[in-house]
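The next block holds one structure in the form of structure tokens; read it before the comments.
The values are calculated or read from the model by the stated rules, or taken from the named source; none is laboratory data. Because the structure is a prediction, the values reported are computed rather than measured. Counting neighbours? That spans all protein chains shown, and the Cβs are built from the backbone with ideal geometry, glycine included.
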Amino acid sequence: MKYRIEKDTMGEVMVPHDALWGAQTQRALENFRISGIKFAFPFGRSFIEALGIIKYAAATSNQRLKLLDARKAKAIKLASKEVLAGNHDNQFPLDIFQTGSGTSTNMNANEVIANLATKKARIKINANDHVNMSQSSNDVIPTAICISALLDTYRLLLPSLSNLIKVIDKKALSLKGQVKTGRTHLMDAMPIDFSQELSGWSAQLRAVEKSIISASKEISYLPQGGTAIGTGVNAHKNFGKTFASEVSKLTKLNVKTSTNYFKSLSAQDSAAQLSSSVKNLSLVLTKISNDLRWMNSGPLTGLGEIELEALQPGSSIMPGKVNPVIPEAVAMACADVIGNDVTVSIASQSGNFQLNVMLPVIAYNLLKSITLMSNSMPLLANKAIKTFKVNKKNIAESLGMNPILVTALNREIGYEKAAHVAKKAYKEKRSIINVAHEETGLPVAKLKALLNPAKLTKGGL
């Protein structure tokens, strides 16, 4: 491999000849060989896109504020556009686990863009003096967290969530009037309409959708403009406001400059809040996935209430076995998201004085969670909920034998007598109506009316 010599304040460094990065990136590349996970990780590349957006908006702002001449600004913006478009993702080789401020990654972006801009302008563009003008890693990286999280939330997460809610609502409507046995403690309980059960899922998802939208509004306040510690040293007093306006124009995101840079640099409350909302979404998806798995269990010795679409053979040794692969996969992704949120929570505690020193790992885990949930929900919607079939015969048989139906007789015969009827019906494996008729003398017609499962799903006396 051919190398060239680059210099920084610590001296000379050998850099691969074709690399767009410079000395500081190279030092970090050699220092942080920990995970092999890069910012262009396979869960999405929005963080690098956000860096390109930041450098573009900063160059535009500095030019508007008469700090950067037009020729240099144009070259930086052209180079930044290439970075945000994904043309140079292979030039971001650094490990997620690095200096806690993300200085290495900020300098990676500065060096790549500076080299690209130098070629375009045919004049020297300096990574620190020009590309990083009016900025610090301490406000660039928190801002990149905000922008990348917003991009992925609005482009991926919320559309996927909205679609899942629609699919559930449509499925619920198609199953209206289909009564089944309800369950509490995994034990038989009073009847419930399938549509009622699915409406619970939908309501859970709508609640968490509101939470995600609320958290997204909080993370839309950008730290950019606070520079090193929140005072805004080396930046124009209007830089933050001008920058936020430029980002809004470029991304169509409704972002604003932070109302308190000291808070935005030292704390990651908004990232933690969004992570928590995404974690709550994972809890809802786990509940839905587990409900589907239980209802699908069998086919002979389980509940057998529904039949999920058969997507692949379920066993390497048991021929004919088909497993609920989609709910299982989604539940695993949800487990990972819960762990990611723990990491974000712990990392968010590391706001020592004027800077949080775990920014890269916050970015990684937050964006990973958003992407996992964004990709899981279409699978759950299209390959599980939309396509499952109801086993009406099994449901009807189990419902007719359900001794808990006797609950509806409490007002007619009392709790103790009703309990006796239920236990006898269960012991003798007979229908509750026949046993109740024998034990109480109530007419069969009246018992059928009182114990009508469909009527019991409507509540009341």
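Here are the numbers for the structure shown:
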quantity: Pick from the range 448-460, criterion surrounded by 13 or more Cβ atoms within 10 Å (Cβ to Cβ) and either among the aromatic types (Phe, Trp, Tyr) or free of Cβ contacts under 8 Å to residues at least 24 places away in the same chain (or both), ranking: nearest to VAL406 (Cα to Cα); calculated: ASN452
quantity: Criterion violated by GLU82 - all others in (1) within 20 Å of LYS72 (Cβ to Cβ); (2) in contact with a helix residue (DSSP H, G or I) (Cβ under 6 Å, 6 or more places away or on another chain) satisfied; calculated: (2)
quantity: First in the range 2-29 and surrounded by fewer than 10 Cβ atoms within 10 Å (Cβ to Cβ), second anywhere and of a type outside the set (D, E, K, R) and part of a loop (DSSP other than H, G, I, E, B), Cβ under 8 Å, 6 or more apart; calculated: LYS2/HIS17; HIS17/MET1
quantity: Members of the range 227-261 that are on the phi > 0 side of the Ramachandran plot and touching a residue at least 40 places away in the same chain (Cβ under 8 Å); calculated: THR227, GLY230, ASN234
quantity: Residue match in the range 249-264 (condition: part of a strand (DSSP E or B), among the basic types (Lys, Arg) and farther than 30 Å from ASP336 by Cα); calculated: yes
quantity: Residue match in the range 414-426 (condition: touching a residue at least 12 places away in the same chain (Cβ under 8 Å), surrounded by fewer than 16 Cβ atoms within 10 Å (Cβ to Cβ) and in contact with a Leu (Cβ under 8 Å, 6 or more places away or on another chain)); calculated: no
quantity: Tally, over the range 137-181, of residues that are of a type in the set (A, V, I, L, M, F, W, C) and farther than 30 Å from LYS392 by Cβ; calculated: 13
quantity: Residue check for THR371: touching a Phe, Trp or Tyr at 6+ places or on another chain (Cβ under 6 Å), within 23 Å of LEU156 (Cβ to Cβ) and outside the structural domain of ILE34 (by TED's automatic domain parsing); calculated: yes
quantity: LYS389, sole failed condition from (1) assigned by TED's automatic domain parsing to the domain that holds LEU173; (2) without any contact (Cβ under 8 Å) to a residue 40 or more places away in the chain; calculated: (2)
quantity: One residue from ARG122, ARG33, ARG45 being among the basic types (Lys, Arg) and more than 31 Å from the chain's Cα centre (by Cα); calculated: ARG122
quantity: In the range 288-321, the residues that are among the basic types (Lys, Arg) and either under 17 Å from LYS386 (Cα atoms) or in contact with a Cys (Cβ under 9 Å, 6 or more places away or on another chain) (or both); calculated: ARG293
quantity: Residue within the range 189-211 that is of a type in the set (A, V, I, L, M), within 23 Å of the chain's Cα centre (by Cα), over 30 Å from LYS455 (Cβ atoms) and surrounded by fewer than 22 Cβ atoms within 10 Å (Cβ to Cβ) present; calculated: yes
quantity: Positions within the range 243-264 being closer than 14 Å to ILE219 by Cβ and of a type in the set (A, V, I, L, M, F, W, C), in sequence order; calculated: ALA244, VAL247, LEU253, VAL255
quantity: Residue match in the range 388-397 (condition: among the β-branched types (Val, Ile, Thr), within 30 Å of ILE288 (Cα to Cα) and surrounded by fewer than 20 Cβ atoms within 10 Å (Cβ to Cβ)); calculated: yes
quantity: Filtered residue count, the range 43-68, keeping only those that are within 19 Å of LEU157 (Cβ to Cβ) and outside any helix (DSSP H, G or I); calculated: 3
quantity: Helices (runs of 4 or more DSSP H) contained in the range 356-461 and holding at least 3 residues in contact with a helix residue (DSSP H, G or I) (Cβ under 8 Å, 6 or more places away or on another chain); calculated: 359-380, 410-413, 415-428, 432-440, 444-450, 453-456
quantity: Some residue of the range 201-217 being under 26 Å from ASN402 (Cβ atoms) and without any contact (Cβ under 8 Å) to a residue 24 or more places away in the chain; calculated: yes
quantity: Tally, over the range 30-46, of residues that are under 24 Å from TYR3 (Cβ atoms), touching a strand residue (DSSP E or B) at 6+ places or on another chain (Cβ under 8 Å) and surrounded by 14 or more Cβ atoms within 10 Å (Cβ to Cβ); calculated: 2
